[in-house]
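The values are calculated or read from the model by the stated rules, or taken from the named source; none is laboratory data. Every value quoted in this text rests on a predicted model; they were computed, and no experiment measured them. Reconstructed Cβ throughout: ideal geometry from the backbone, glycine too, with neighbour counts over all protein chains shown. Surface areas here come from the heavy atoms of the whole protein model, side chains and all, with no ligands, DNA or RNA. Shrake-Rupley method; radii C 1.70, N 1.55, O 1.52, S 1.80 Å.
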Amino acid sequence: MNLPLDVIKRYKVLPFKEDEKYVYLLCVKENEGIGFFRKFFNKEVKVICASKERVLREIIKLEVKLSLKEIIKKIKEELRGDTKEVASVGRLLDLVIYYAIYHRASDIHFERGIVRIRVDGVLRKVFEFDEEVYLALISKIKILAKLDIASKLIQEGRFSKRVDDREFDFRVSCVNSLFGECVVLRVLESGRIIELEKLGMSEGNLAKLKRLIKSPYGMILITGPTGSGKTTTLYSIINRLKSIEKKIITIEDPVEYHIDLVEQSKFK
């Protein structure tokens, strides 16, 4: 369907199917955009309502699809030209990060030309790039994280980016493997510590946890696979417990969020 992307983003309405009689629209709720699409297509419309998150993710998928070919073409032109700086690779990284954030990814994995994101503890492939584009992308990440782009040793760093008025920190880990360099970005929203009630626990488990963290002594073990929410849960607990009357000391590797009234120590 030949429709400008800025119109889709403005109204947050996504046409996804068309037949002889109708155009089918995906949106959160009916709005003034429905009339625009009816006139644009000169057809009746059928509205399918979905959550705001679902609609935004589908719009982002479309935006990425439309932008990706153009950006990769520009990167290859810059790599083969006389310019020392490959400016378009920054746009490609922004696109990958944008896509990952709106799919609620906890981390982004770059390996052998493939990009995977982890959502709810499960990795899934989202992009695949030619070697020259992939290597340029890895170099850009290392530059942002203030790492040595020539080194093949294990390196760690971090950088920050603003995405749609939200601040994010990205913790970077680089490891050299038999098949080339692998990079992982851990996605952390700056200053965003989720309240215990919003972690998604059942009422019974939430009540047990609240009771346990009030105990004067003991130990709570939080276990699970990568991306399952261990760190998020721990920070939520500490944020709930902190007060001017208490002394709380943490030992972390690394410190991912800074919490007022808590003495946080980095330890390896």
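Just the residues that are without any contact (Cβ under 8 Å) to a residue 24 or more places away in the chain and either open to solvent by 90 Å² or more (accessible area, probe 1.4 Å) or over 23 Å from E156 (Cα atoms) (or both), please, taken from the range 235-257.
Within the range 235-257, K242, S243, I244, E245, K246, K247, I248, I249, I251, D253 qualify.
Among the residues of the range 93-106, is there at least one that is of a type in the set (D, E, K, R), under 22 Å from T226 (Cα atoms) and surrounded by fewer than 18 Cβ atoms within 10 Å (Cβ to Cβ)? Even if it seems obvious, please write down each step before you answer.
Residues of the range 93-106 that are of a type in the set (D, E, K, R), as a first pass: 94, 104.
Now drop any that are not under 22 Å from T226 (Cα atoms), which leaves 104.
Those still in the list that are surrounded by fewer than 18 Cβ atoms within 10 Å (Cβ to Cβ) too: 104.
So far as the range 93-106 goes, yes, one or more of its residues are of a type in the set (D, E, K, R), under 22 Å from T226 (Cα atoms) and surrounded by fewer than 18 Cβ atoms within 10 Å (Cβ to Cβ).
Mind listing just one residue for me: the one in the range 2-20 that is touching a residue at least 24 places away in the same chain (Cβ under 8 Å) and open to solvent by 60 Å² or more (accessible area, probe 1.4 Å) and, of those, farthest from S67 (Cα to Cα)?
This residue is E18.
Hey, can you tell me all the residues within the range 213-234 that are small (G, A, S) and open to solvent by 70 Å² or more (accessible area, probe 1.4 Å)?
As a first pass, look at the range 213-234 and keep what is small (G, A, S): 215, 218, 224, 227-229.
Across the range 213-234, the qualifying residue is only G218.
Could you tell me which numbered condition V45 fails, if it satisfies all but one of (1) surrounded by 13 or more Cβ atoms within 10 Å (Cβ to Cβ); (2) among the hydrophobic types (A, V, I, L, M, F, W, C); (3) more than 24 Å from L144 (Cα to Cα); (4) modelled with pLDDT of 90 or more?
With respect to (1) surrounded by 13 or more Cβ atoms within 10 Å (Cβ to Cβ); (2) among the hydrophobic types (A, V, I, L, M, F, W, C); (3) more than 24 Å from L144 (Cα to Cα); (4) modelled with pLDDT of 90 or more, V45 is out only on (4).
How about the range 258-268: which of its residues are more than 23 Å from the chain's Cα centre (by Cα) and either open to solvent by 60 Å² or more (accessible area, probe 1.4 Å) or of a type in the set (S, T, Y) (or both)? Spell out the reasoning first.
Going through the range 258-268, the residues more than 23 Å from the chain's Cα centre (by Cα) turn out to be 260-268.
Residues satisfying the conditions are D260, L261, E263, S265, K266, F267, K268.
So, I117, is that one farther than 28 Å from D260 by Cβ, assigned to a loop (DSSP other than H, G, I, E, B) and free of Cβ contacts under 8 Å to residues at least 24 places away in the same chain or not? Working first, answer last.
Values: farther than 28 Å from D260 by Cβ: yes; assigned to a loop (DSSP other than H, G, I, E, B): no; free of Cβ contacts under 8 Å to residues at least 24 places away in the same chain: yes.
The answer is no for I117.
Kindly provide the set of residues from the range 28-42 that are open to solvent by 60 Å² or more (accessible area, probe 1.4 Å) and of a type in the set (F, W, Y), ordered by number. Before you say what the answer is, go through the steps one by one.
Restricting attention to the range 28-42, the residues satisfying the condition of being open to solvent by 60 Å² or more (accessible area, probe 1.4 Å) are 28-30, 32, 36, 38-40, 42.
The answer is F36, F40.
Taking the range 107-118 only, how many residues are open to solvent by less than 20 Å² (accessible area, probe 1.4 Å) and either closer than 16 Å to E58 by Cα or of a type in the set (A, V, I, L, M, F, W, C) (or both)?
Qualifying residue count, the range 107-118: 4.
Within the range 56-79, which residues are exposed (fewer than 15 other Cβ atoms within 10 Å of the Cβ) and either within 26 Å of P15 (Cα to Cα) or basic (K, R) (or both)?
First pass over the range 56-79, keeping only residues exposed (fewer than 15 other Cβ atoms within 10 Å of the Cβ): 65-66, 69-70, 73, 77.
Once the filter is applied, which keeps residues that are exposed (fewer than 15 other Cβ atoms within 10 Å of the Cβ) and either within 26 Å of P15 (Cα to Cα) or basic (K, R) (or both), the range 56-79 yields K65, L66, K69, E70, K73.
If you check I141 against the conditions, is it closer than 19 Å to F168 by Cα, assigned to a helix (DSSP H, G or I) and open to solvent by less than 20 Å² (accessible area, probe 1.4 Å)? Give the derivation first.
Values: closer than 19 Å to F168 by Cα: yes; assigned to a helix (DSSP H, G or I): yes; open to solvent by less than 20 Å² (accessible area, probe 1.4 Å): yes.
Yes, satisfied.
How many of the residues making up the range 80-92 are open to solvent by less than 90 Å² (accessible area, probe 1.4 Å) and modelled with pLDDT under 90?
Qualifying residue count, the range 80-92: 4.
Evaluate the following for F159: is it under 18 Å from L68 (Cα atoms) and out of contact with any Lys or Arg (no Cβ under 6 Å at 6 or more places or on another chain)?
Values: under 18 Å from L68 (Cα atoms): no; out of contact with any Lys or Arg (no Cβ under 6 Å at 6 or more places or on another chain): yes.
No; evaluated as a whole, the condition is false for this residue.
Being of a type outside the set (D, E), open to solvent by 50 Å² or more (accessible area, probe 1.4 Å), farther than 28 Å from L241 by Cα and in contact with a Cys (Cβ under 6 Å, 6 or more places away or on another chain) is true for just one of V122, V175, V183. Which residue is that?
Numbers: V122 fails: in contact with a Cys (Cβ under 6 Å, 6 or more places away or on another chain); V183 fails: open to solvent by 50 Å² or more (accessible area, probe 1.4 Å).
One residue alone meets the criteria, V175.
Report whether or not V23 is outside any helix (DSSP H, G or I) and either surrounded by 14 or more Cβ atoms within 10 Å (Cβ to Cβ) or touching a strand residue (DSSP E or B) at 6+ places or on another chain (Cβ under 7 Å) (or both).
Against the criterion (outside any helix (DSSP H, G or I) and either surrounded by 14 or more Cβ atoms within 10 Å (Cβ to Cβ) or touching a strand residue (DSSP E or B) at 6+ places or on another chain (Cβ under 7 Å) (or both)), V23 qualifies.
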